[in-house]
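S.K.: Got a structure here, written out as structure tokens. Questions coming.
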Amino acid sequence: MASILIIDDEKAIRKTLAEILSYEGYKIEEAADGEEGLKKFSNAVFDVVLCDIKMPKMDGIEFLEKARELNPDVPIVVISGHGNIETAVEAVKKGAFDYISKPPDLNRLLITLRNALDKQILVTETKVLKRKVSKVQQMVGNSEPIQKIKNTIEKVAQTDARVLITGENGVGKELVARWIHEKSNRKTGPMVEVNCAAIPGELIESELFGHEKGSFTSAIKQRIGKFEQANNGTLFLDEIGDMSLSAQAKVLRVLQDGKITRVGGEKDFSVNVRVIAATNKDLRSEIERGNFREDLYHRLSVIVIHVPSLNERRDDIPLLADHFLHVICQEYSMPVKEFTKDAYEELKKIDWTGNIRELRNVVERLIILCDKQITGKDVLNFAVVKK
Ligand SMILES: Nc1ncnc2c1ncn2[C@@H]1O[C@H](COP(=O)(O)OP(=O)(O)OP(=O)(O)O)[C@@H](O)[C@H]1O
Ligand SMILES: [Mg+2]
């Protein structure tokens, strides 16, 4: 259901419009002047705004200017009284979607709203698409460990050295891997990701190396494995600590001689793949327990990048929180909210066991549940889930 904000100082007009448009299935919010309208506009997302021009406190033109600064994507239709068509034209020049004159002709009103909504949908769709094709996400943070990691990425990206990325859940291991690929001269090639923990042991071999038709019961056609897909690019072996020992043996072979054989295949062939691996496990103790091959560990860990937990770099929390605030408000096409000083302080005190992923979720929750200003009290109320 599309939502419309109606701003008009004449109660009768507001009520009539609200009645007609609710009947048409729109969700309606009303405001009696530009000031009240702007307040509502900045605290919620509307699909269209219908706005009178002549109003006390803040007139329609001023509202238009301020609203477009807050969120230029929401179409604003101005309603002009007799005799101020010129102002209506001015409004359109300043970015209003269209104008209708008073008393509004019902058909014209509904068509204009329909057009405005269509435009709004297109704008949102375009944004979503742009985001989908957009580049690797920014790596935010100024703390010493993050600066060191960025430095290391710059240095290792140019080489083909294998990199092992370690760190707790949600610290940004995958992001590091993506940046290494992005900054390397393999960036025009593919970056292929395999989540070793998500693939059943008996399928991992075919997943990584592919198989020939008929090589086992469910192999009804030939399949290209991830190593082959990643040719001339990067293969990201995520959660490598969860890979079975037999798969580890096969991966070791590829790393040793750069050749793969498809399951059920006769000959082996060379692939040109850079391998980056990641894990949240302590591979050294996994080696001691006999769960991880030491020879594979040494092959994978030419360069080790350890991404510290968020609790170890609390100074980055305000920056990260602001970053997610902008990103998420944009995703929701809503005006950007803000944290008060004490909100940052409270965020810095939380024990972030889920690291950056958890921080992102908390910021999203705060955006949904709080007003324009997110305070320390809000953080205390909503951020820490009470047991
Ligand atoms: N420095 C950063 N700046 C901005 N966003 C970040 C940063 N680090 C991580 N993120 C974001 O946090 C989320 C989690 O990061 P990522 O998936 O890379 O973590 P991970 O270490 O691979 O986690 P897991 O161990 O659970 O697989 C992602 O949405 C990622 O884009
Ligand atoms: Mg990951």
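S.K.: Leaving ligands, DNA and RNA out of it, report the carbon-plus-sulfur percent of the accessible area of the chain at a 1.4 Å probe.
M.R.: The computed percentage sits at 50.
S.K.: Based on DSSP H assignment, which helices of the chain show an axial Cα extent of at least 20 Å together with a mean Kyte-Doolittle hydropathy greater than or equal to -1.0? List each step's numbers first, then the result.
M.R.: Details: long enough: 106-133 (41 Å, 0.05); 317-331 (21 Å, 0.88); 355-369 (21 Å, 0.39).
The answer, listed by residue number, is 106-133, 317-331, 355-369.
S.K.: When only alpha-carbon atoms count, how far does the range 127-246 stretch along each of its three principal axes, as whole angstroms with the largest first?
M.R.: In descending order, the Cα extents are 53, 34, 31 Å.
S.K.: Suppose all protein chains stay in the model; what accessible area per residue would a 1.4 Å probe give for the range 196-293, in Å²?
M.R.: Counting only protein heavy atoms, the per-residue value for the range 196-293 is 49 Å².
S.K.: Could you tally the net charge around Ile121, taking each other residue with its Cβ under 12 Å from the Cβ of Ile121, Lys/Arg +1 and Asp/Glu -1?
M.R.: So the environment of Ile121 carries a net charge of -1.
S.K.: While we're here: Starting from a Cα-only point model with no solvent, please compute log10 I(q)/I(0) by Debye for the range 290-360 at q = 0.11, 0.18, 0.25, 0.29 1/Å.
M.R.: One equal scatterer on each Cα of the range 290-360 leads to -0.44, -0.77, -1.11, -1.27.
S.K.: If you bin the C-alpha pair distances of the range 13-172 every 5 Å from 0, what whole percents do you get?
M.R.: Distribution as computed: 1, 7, 13, 16, 14, 9, 5, 5, 6, 6, 6, 5, 3, 1, 0 percent.
S.K.: Could you pull the Cα extents of the range 203-329 along its three principal axes, largest to smallest, in whole Å?
M.R.: Result, largest extent first: 56, 41, 27 Å.
S.K.: Take every DSSP beta bridge whose two residues both sit in the chain, then give the antiparallel share in percent to the nearest 5.
M.R.: Of all bridge pairs located within the chain, approximately 10 percent are antiparallel.
S.K.: Round to the nearest 0.05 the FRET efficiency obtained for Ala12 and Glu69 when R0 = 35 Å and r is the Cβ-Cβ distance.
M.R.: 0.70
S.K.: Residues with amide H under 5 Å of Met191's amide H, sequence separation 5 or more or different chain, H placed in the peptide plane at 1.01 Å from N; which?
M.R.: It is Thr234, by chain and number.
S.K.: In the neighborhood of Gly264, defined by Cβ-to-Cβ distances under 11 Å, what is the net charge if each Lys or Arg adds +1 and each Asp or Glu adds -1? Let's see the in-between values first.
M.R.: On the way: positive: Lys213, Arg223, Arg262; negative: Glu205, Glu212, Glu266.
That works out to 0.
S.K.: Next question, about the same structure. Which trypsin sites (Lys or Arg not before Pro) in the range 216-265 sit in a loop by DSSP (not H, G, I, E or B) and have at most 11 other Cβ atoms within 10 Å of their own Cβ? Please report the intermediate quantities before stating the final value.
M.R.: On the way: sites: Lys221, Arg223, Lys226, Lys250, Arg253, Lys259, Arg262; in loops: Lys221, Arg262.
Answer in residue order: Lys221.
S.K.: Let me ask another. Grab the Cα-Cα distance for Glu86 and Asp118, subtract it from 0.36 nm times how many residues apart they are, and report the gain in nm with one decimal.
M.R.: 8.9 nm
S.K.: Go ahead and estimate [θ] at 222 nm for the chain from helices alone: -39,500 (n - 2.57) per DSSP H run with n ≥ 4, summed, over the residue count, rounded to 500. Provide the component values of the computation, followed by the final result.
M.R.: On the way: 16 runs with 180 residues, N = 387.
Only helices count here, giving -14000 deg cm²/dmol.
S.K.: In Å², what does the accessible area per residue of the range 28-119 work out to with a 1.4 Å probe? Walk me through the numbers on the way to the answer.
M.R.: On the way: 4350 Å² over 92 residues.
With the other protein chains kept in place, the range 28-119 gives 47 Å² per residue.
S.K.: Moving to a separate point now. Gap in Å between the Cα centre of the range 187-226 and the Cα centre of the range 340-387?
M.R.: A separation of 41 Å, based on Cα centres.
S.K.: Enumerate the calculated ³J(HN,Hα) couplings along the range 371-377 in order (Karplus 6.51 cos²θ - 1.76 cosθ + 1.60, θ = phi - 60°), each rounded to whole Hz, writing x wherever the residue is Gly or Pro.
M.R.: 6, 4, 9, 9, 9, x, 5
S.K.: Moving on. Which whole-angstrom value gives the distance between the alpha carbon centres of the range 102-123 and the range 62-77?
M.R.: A separation of 16 Å, based on Cα centres.
S.K.: Sticking with this one: List every residue whose amide H lies under 5 Å from the amide H of Ile6, counting only residues 5 or more places away in sequence or on a different chain, with H placed 1.01 Å from N in the peptide plane.
M.R.: Residues meeting the criterion, in which the H sits 1.01 Å from N, are Glu29, Glu30, Ala31, Leu50.
S.K.: Before anything else, pin down the relative contact order of the chain: Cα pairs under 8 Å, at least 6 apart, normalised by residue count, whole percent.
M.R.: Contact order relative to length: 14 percent.
S.K.: Tell me, what is the Rg over Rh of the chain, with Rh the Kirkwood radius over Cα pairs?
M.R.: Values: Rg = 28.2 Å, Rh = 25.0 Å.
Rg/Rh for the chain comes to 1.13.
S.K.: List the pairs from Lys150/Lys259; Lys173/Lys348; Lys93/Lys127; Lys57/Lys94 whose alpha-carbon separation is above 28 Å, in the order I gave them.
M.R.: Pairs exceeding 28 Å: Lys150/Lys259.
S.K.: Let me ask something else about it. Could you order peptides 159-167, 295-303 by the average number of other Cβ atoms within 10 Å of their residues, highest first?
M.R.: Descending mean neighbour count gives 159-167, 295-303.
S.K.: Computed FRET efficiency, Cβ-Cβ of Asp295 and Ser3, R0 51 Å: what is it to the nearest 0.05?
M.R.: 0.25
S.K.: Over the residues of the range 96-166, compute the C-alpha Rg and express it relative to 2.2 N^0.38 Å.
M.R.: Details: Rg = 24.7 Å, N = 71, 2.2 N^0.38 = 11.1 Å.
Dividing the Cα radius of gyration by 2.2 N^0.38 Å gives 2.22.
The values are calculated or read from the model by the stated rules, or taken from the named source; none is laboratory data. All of these numbers come straight from a predicted model, not from anything done at the bench. Note that each Cβ is placed from the backbone with ideal geometry, even for glycine, and that neighbours are counted across all protein chains shown. What goes into the accessible areas is simple: the full protein's heavy atoms, side chains included, and nothing from ligands, DNA or RNA. Shrake-Rupley method; radii C 1.70, N 1.55, O 1.52, S 1.80 Å.
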